[in-house]
């Protein structure tokens, strides 16, 4: 089991009001699954993804990732897990605008175990070539289409060879053809054994996943 959540709850304190975002959520995700999380705005799906990505902590409950209970780990330990165990893909790509595609992909390698500069460059270059961007290595994000930018972001997510990819509305800023291309790429990566958990509000995108988790009012519907 790659992910095991047990009775996870999260409450946000907004001035004098408590807003429950997750209420006693329990779920298991096997290694090698492709899971889509769906739900209306405010259903808790983004909060759940943030907890899975160690970007936030639950108020109660346990989160076990790859056999390790991580809910109470230190900030430094969580940062190491984010760097080595999880790749992130966002709706807005989150690429550095004045940095080339290859340099964007290299970035996570600066924060992990030390490798040589040539190895860092070759790992980024080979990923970008694999994702169909061999003639875009030196281009900045502003010189790339939305689909190309998302492929750079996926290469960056893969560069540390994590077992888990978390994608937050990865096709939200793409046209339908580019969206289908990105989802086909996710399916290909999943067939290679990478676990993918994706938040989406689009049924046409969720159908690419092997399983759909529906969220409603902070709970799994």
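The requirement of being assigned to a helix (DSSP H, G or I), touching a strand residue (DSSP E or B) at 6+ places or on another chain (Cβ under 7 Å) and on the phi < 0 side of the Ramachandran plot is not satisfied by residue 22.
Note on segment 185-201: residues that are outside any helix (DSSP H, G or I), touching a helix residue (DSSP H, G or I) at 6+ places or on another chain (Cβ under 9 Å) and modelled with pLDDT of 95 or more amount to 6. Is it the case that some residue within segment 207-217 is out of contact with any helix residue (DSSP H, G or I) (no Cβ under 8 Å at 6 or more places or on another chain) and free of Cβ contacts under 8 Å to residues at least 24 places away in the same chain? Among the residues of segment 207-217, at least one is out of contact with any helix residue (DSSP H, G or I) (no Cβ under 8 Å at 6 or more places or on another chain) and free of Cβ contacts under 8 Å to residues at least 24 places away in the same chain, which makes the answer yes. Once segment 62-81 is narrowed to residues that are without any contact (Cβ under 8 Å) to a residue 24 or more places away in the chain and in a strand (DSSP E or B), the residue that is farthest from residue 18 (Cα to Cα) is 68. Scanning segment 27-61 for residues that are buried (at least 17 other Cβ atoms within 10 Å of the Cβ), assigned to a strand (DSSP E or B) and either without any contact (Cβ under 8 Å) to a residue 40 or more places away in the chain or more than 14 Å from the chain's Cα centre (by Cα) (or both) yields a count of 3. For segment 105-150, how many residues are at pLDDT 95 or above, surrounded by 12 or more Cβ atoms within 10 Å (Cβ to Cβ) and in a loop (DSSP other than H, G, I, E, B)? The total comes to 9. Just one residue in the set 206, 155, 184 is farther than 21 Å from residue 4 by Cα and in contact with a strand residue (DSSP E or B) (Cβ under 6 Å, 6 or more places away or on another chain); that residue is 206. For the residues 179, 153, 167, the requirement of being within 14 Å of residue 96 (Cα to Cα) and either touching a residue at least 60 places away in the same chain (Cβ under 8 Å) or assigned to a helix (DSSP H, G or I) (or both) singles out 153. The residue list 213, 205, 154, 182 contains one member that is at pLDDT 95 or above, closer than 23 Å to residue 112 by Cβ and crowded, with 20+ Cβ neighbours inside 10 Å, which is 154.
Report, by residue number, each residue of segment 60-83 that is under 21 Å from residue 158 (Cα atoms) and in contact with a helix residue (DSSP H, G or I) (Cβ under 9 Å, 6 or more places away or on another chain). Within segment 60-83, 65, 66, 83 qualify.
The values are calculated or read from the model by the stated rules, or taken from the named source; none is laboratory data. For clarity, every value in this text was computed on a predicted model and none was experimentally measured. Cβ coordinates were reconstructed from backbone atoms using ideal geometry, including for glycine residues, and neighbour counts include every protein chain displayed.
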